[in-house]
1. On a straight-distance basis, which lysines could pair with LYS72 in a cross-link, Cα separation under 28 angstrom, same-chain partners fewer than 8 positions away excluded?
2. Can you compute the charge dipole magnitude of region 14-102 about its Cα centre, using +1 on each Lys and Arg Cβ and -1 on each Asp and Glu Cβ, nothing else charged? Give it in debye, rounded to the nearest 20.
3. Return the Rg/Rh value of the chain, two decimal places, where both radii are evaluated on C-alpha atoms and Rh is the Kirkwood radius.
4. Based solely on its DSSP helices, what 222 nm [θ] is calculated for the chain when runs of n ≥ 4 H residues each add -39,500 (n - 2.57) and the sum is averaged over all residues, nearest 500 deg cm²/dmol?
5. DSSP loop (so not H, G, I, E, B), at most 14 other Cβ within 10 Å: list which trypsin sites (Lys or Arg not before Pro) in region 102-210 pass both filters.
6. For a bin width of 5 Å, list the pair-distance distribution of region 1-126 built from all Cα-Cα distances, rounded to whole %.
7. Going toward the positive end of the dipole of the chain, with +1 on Lys and Arg Cβ and -1 on Asp and Glu Cβ, which of CYS123, LEU183, ASN154 do you reach last?
8. Just to confirm a number: summing +1 for Lys and Arg and -1 for Asp and Glu over residues other than ALA144 whose beta-carbon lies under 12 angstrom from that of ALA144, what do you get?
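The values are calculated or read from the model by the stated rules, or taken from the named source; none is laboratory data. Predicted model, so just to flag it, every value in this text is computed and none were measured. Every residue, glycine among them, receives a Cβ derived from its backbone with ideal geometry; neighbour counts consider all protein chains shown. Heavy atoms of the whole protein, side chains included, go into the accessibility calculation; ligands, DNA and RNA do not. Shrake-Rupley method; radii C 1.70, N 1.55, O 1.52, S 1.80 Å.
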Amino acid sequence: VYFGIIAEVDAMVGTIMSALDEAGLTDSTYVFFTSDHGELAMEHRQYFKMSLYESSVRVPLIVTGPDVLRGKRVDRPVSLVDIYPTLMDMGGLEHPEGLDGHSLLPESIGGTSDRPEWVLSECHDSCCNTGCFMLRRGDWKYIAFVGYEPQLFNLREDPWEIRNLATVRPEVVAQMDGLLRRLVDYEAVDAKVKLYDKESFRRWRAEQIE
């Protein structure tokens, strides 16, 4: 099944690139290839996007276009929220105030960027007991679960995320959790999401009774 999907995606990308070439737009058009989430594919006995393991949160991001260096690879983690400011730069437009993301265009064309060295993600899903908040920084990946024990993985040494190091590396947990809390009050966000879920369910139930 997955090989079939890959073949279909490859054919669609090829069709788009061929159409741009035929229209004479290849040299003046930026093309992004990415996705919204991974599929897990039963890694950790899970599927779709029900967790913050790498097989769910790690997605492709390939960019081509004018001045983009061929074969250039950015090793620092990037986020999908970086796409919008990148598009703004590509279009020569000013960034709106308060953007969370940072443009990737400078790095794409061989320059430097002052964007942060971390990326943030969160998940509130029907298959999760509570809100999940992930911080990726260098080789370290920290996941905070509101009301539950956290997870800490070293992705260079343990790319499959088998060994939770939270209890044996408390100093890293403290550092990562401190940074995470400076970025987001994850307990307050979780409480807000849970309240929204409860109120939404109560409204739905009341409508069914009527």
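1. Of all the lysines, those that pass the test against LYS72 - Cα under 28 Å, at least 8 places apart if same chain - are LYS141.
2. In debye, rounded to 20, region 14-102 gives about 420.
3. Rg divided by Rh gives 1.02.
4. Dividing the helical sum by the residues of the chain leaves -11000 deg cm²/dmol.
5. Of the trypsin sites (Lys or Arg not before Pro), the ones in loops of region 102-210 whose Cβ has at most 14 other Cβ atoms within 10 Å are ARG156, ARG163.
6. 2, 9, 16, 19, 18, 16, 12, 6, 2, 0
7. Most positive-ward Cα: ASN154.
8. Here the count lands on -4.
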